[in-house]
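Each value in this text was obtained by applying a stated rule to the coordinates, not by laboratory testing. These numbers were taken from a predicted model, which means no experiment stands behind them. Note that we place each Cβ from the backbone using ideal geometry, even for glycine, and neighbour counts take in every protein chain shown.
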Amino acid sequence: MPFPFPGMNPYLEHPELWPEVHHLLMGLLAETLNPQLLPTYRAAIEKRVYELSGEEAVLIGIPADLYAFNLEDAVPTFALPLVNEATEPRIDLYALLNQAYNRAGYAVAIDYTVDPVPPLGPEKAAWVDSLLHSQGLR
């Protein structure tokens, strides 16, 4: 079954399903990025580097870019910022969500006849209901 949403699928965010989705998505992301990053960089999963110095350790992060979008919107494609003027790979998160959805068989695991968890507000819930009805999923 094709991915039923034009952007993020709110059913994937169910607390019982999301850890699995996240794990699969991270693997797909690394698999997609590594051919674009090698031989200079490598995408690794669950790796962190902390630099501690002085008496009080201060963790300073790199400012993050935020790509805001609504449920009805397409998930934006974005560039992965790199240092040293390296070519920044583009990440098509929607394509990766589709791959995760199909590889894991989430169409079988998700009951689209019930509302998503966590619940949506009235306007978003009405939009989801209309979308799912138009696809014969409700």
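Structure values in brief
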read-out: Angle between the chain longest axis and helix 18-37 axis [Cα atoms, degrees, rounded to 10]; value: 50
read-out: 5 angstrom amide H check on Ile91, placed H, neighbours 5+ away; value: Phe78, Ala79, Leu80
read-out: Computed log₁₀ I(q)/I(0) - Debye formula, equal Cα scatterers, no solvent, the chain, q 0.12, 0.21 Å⁻¹; value: -0.62, -1.36
read-out: Distance in nm between pseudo-label sites at Ser130 and Phe69 (7 Å out along the Cβ direction from Cα); value: 2.0
read-out: From phi via Karplus (6.51, -1.76, 1.60), per-residue ³J(HN,Hα) for the stretch 70-79 in Hz, x at Gly/Pro; value: 8, 4, 6, 8, 5, 5, x, 7, 9, 8
read-out: Inter-label distance for Arg103 and Glu123, nm, one decimal - labels placed 7 Å from Cα along Cα-to-Cβ; value: 3.6
read-out: Length-normalised contact order for the chain - Cα pairs under 8 Å, 6+ apart - percent; value: 35
read-out: Computed [θ] at 222 nm, helices only, for the chain once each DSSP H run of length n ≥ 4 contributes -39500 (n - 2.57); value: -11000 deg cm²/dmol
read-out: Mean Cβ neighbour count within 10 Å, used as a protection proxy, ranking 84-95, 2-13 highest first; value: 2-13, 84-95
read-out: Cα long-axis angle, helix 122-134 against the chain (0 to 90 degrees, to the nearest 10); value: 70
read-out: For the stretch 89-138, radius of gyration divided by Kirkwood radius, i.e. Rg to Rh on alpha-carbons; value: 1.05
